[in-house]
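Notes for the one structure printed next.
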Amino acid sequence: ILEENNLGEVRVNRGKEAKHITYSLNYSEMPKTMTEVTADDYDKFRKGFERSFGEVMTKPIGDIGDELDIFITGIKDKTPREQVIAIQEFCYEYGYYNIDNKPRDTDNFEERLAIMEGRMDDLKSAKPELSRKKYAGICTDFATLTTALLRKAGFVSGIASGFVTEEGSTVVKADRTHAVSYVL
């Protein structure tokens, strides 16, 4: 192990003789859904998190634009758990997972959002059934969009990326990468 961060993620030196790296963790111990907490309790948690770790998981990823800002404002009266669910449902409803396009990765959120909207516009002409969709992309696109919305709503959140093993296997292959958004 070359490096380990505070989330337990590690970087390893594969070495010249290693053919593959095997993970020993086969299941997640993280809860799948957020427990019900009050807005005040979550605000206290967030402030404590920022005191301990800084704003690394709370600062905005980028400008989400007026339309998405209106959406986030519209869910402010919900409980924290309901807000997280609303953000997740928004991404499912208006997103289309499209692995046909080659990834065009960027660190600029506004550019990523424009690429996702452009991809969707191109797809709508060929697939009218997608008329309600707004964004087309891959896992990194949607993880970034979801995390940007979560942070705008005031949540401690981030993006986890790594490798997904094939079912029943502990062998990791380079073509099995994936990214997801998470909220604390």
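The values are calculated or read from the model by the stated rules, or taken from the named source; none is laboratory data. All values reported here derive from a predicted model rather than from experimental measurement. With ideal geometry, Cβ positions are generated from the backbone for all residues, glycine too; neighbour counts draw on all protein chains shown. Ligands, DNA and RNA are stripped out before the accessible areas are found, and what is left, the full protein with its side chains, is counted by its heavy atoms. Shrake-Rupley method; radii C 1.70, N 1.55, O 1.52, S 1.80 Å.
Quick look at the values:
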quantity: Surface accessible to a 1.4 Å probe, per residue, for the residues of segment 35-85, Å²; calculated: 68 Å²
quantity: Percent accessible area from carbon and sulfur atoms, segment 109-184, protein chains only, probe 1.4 Å; calculated: 52 percent
quantity: Flagged links, alpha-carbon separation over 26 Å, of LYS78/LYS152; LYS78/LYS133; LYS59/LYS133; LYS44/LYS152; LYS44/LYS78; LYS59/LYS124; calculated: LYS59/LYS133; LYS59/LYS124
quantity: Interchain or long-range residues, amide H under 5 Å from THR79's placed H; calculated: none
quantity: Positive-pole candidate from PHE90, PHE53, ILE75, dipole of segment 44-106, charges at beta carbon; calculated: PHE53
quantity: Estimated vicinal HN-Hα couplings, Hz - segment 116-124 in sequence order (Karplus 6.51, -1.76, 1.60; Gly, Pro = x); calculated: 4, 5, x, 4, 5, 4, 5, 5, 4
quantity: Nonlocal amide H pairs with ASP63, under 5 Å, H built at 1.01 Å; calculated: GLU110
